[in-house]
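The values are calculated or read from the model by the stated rules, or taken from the named source; none is laboratory data. On a predicted model such as this, the values are computed, not experimentally measured, just so you know. Note: ideal-geometry Cβ built from the backbone for every residue, glycine included; neighbour counts use all protein chains shown. Side chains are part of the model used for accessible areas, which takes the heavy atoms of the whole protein and leaves out ligands, DNA and RNA. Shrake-Rupley method; radii C 1.70, N 1.55, O 1.52, S 1.80 Å.
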Amino acid sequence: MPTSGETAADQLTSSQCWDYIRKARFGRLAVVVEGHPEIFPVNFAVDHGTVVFRTAAGTKLSGALSGSSVAFEIDGYDDNLSSAWSVVLKGTASLLEDNAELIASEELPVFPWQAGIKNAFVRVDPEVTSGRRFLISNAARRNVLRGMGLYTE
């Protein structure tokens, strides 16, 4: 419960969460590897209520396909509205292997940032979608603006 001077976070609807996801340029994939959490930045595309990203063989791919649940997170802020938001999808990941899915995935706007061959298309199928939005405190805004050289006392 918020204390004096704090405001509660607004819980986002599933529709609001997907609106934010569609606008995001990148997200973070959380997987479990050898009993420990690992987090990887990924660029992605939304495809029929799922998230698809490209990768190569390695820790990210093996962790995503290990059979354990995965999480996908995006966040951001709107300085004009003084608000920040965070969205988390929790579910399973699968490798696209069906020929029709692979052909369709080639049309998705997913272009890995790092050079190299990244032919594995992975789909995150969410079982839980949650998100929240909250006002950024004035102190935090001043600190960010100060760091950007836009605020002096």
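For the range 51-68, the criterion of being surrounded by 11 or more Cβ atoms within 10 Å (Cβ to Cβ), closer than 30 Å to Leu135 by Cα and without any contact (Cβ under 8 Å) to a residue 24 or more places away in the chain is met by no residue. Residues in the range 113-131 that are open to solvent by 40 Å² or more (accessible area, probe 1.4 Å) and within 16 Å of the chain's Cα centre (by Cα) were compared, and the one that is nearest to Asn99 (Cα to Cα) is Asp125.
Once the range 1-18 is narrowed to residues that are surrounded by 14 or more Cβ atoms within 10 Å (Cβ to Cβ) and of a type outside the set (A, V, I, L, M, F, W, C), the residue that is modelled with the lowest pLDDT is Asp10.
Within the range 69-86, being open to solvent by 10 Å² or more (accessible area, probe 1.4 Å) and within 11 Å of the chain's Cα centre (by Cα) holds for Ala71, Glu73, Asp75, Gly76, Ser86. For the range 25-45, which residues satisfy the criterion of being within 11 Å of the chain's Cα centre (by Cα) and either in contact (Cβ under 8 Å) with a residue 12 or more places away in the chain or loosely packed, with under 11 Cβ neighbours inside 10 Å (or both)? Across the range 25-45, the qualifying residues are Arg25, Phe26, Gly27, Arg28, Leu29, Ala30, Phe40, Pro41, Val42, Asn43, Phe44, Ala45.
Identify all residues within the range 64-113 that are of a type in the set (A, V, I, L, M, F, W, C) and not in a strand (DSSP E or B); write none if there are none. Correct list: Ala64, Leu65, Leu81, Leu96, Ala100, Leu102, Ile103, Ala104, Leu108, Val110, Phe111, Trp113.
Here Leu89, Leu102, Leu108, Leu95 are screened, and the one residue that is touching a Ser or Thr at 6+ places or on another chain (Cβ under 7 Å) and either surrounded by fewer than 18 Cβ atoms within 10 Å (Cβ to Cβ) or of a type outside the set (Val, Ile, Thr) (or both) is Leu89. Among the residues of the range 87-94, is any out of contact with any helix residue (DSSP H, G or I) (no Cβ under 9 Å at 6 or more places or on another chain), at negative phi and at pLDDT below 95? No, every residue in the range 87-94 fails to be out of contact with any helix residue (DSSP H, G or I) (no Cβ under 9 Å at 6 or more places or on another chain), at negative phi and at pLDDT below 95.
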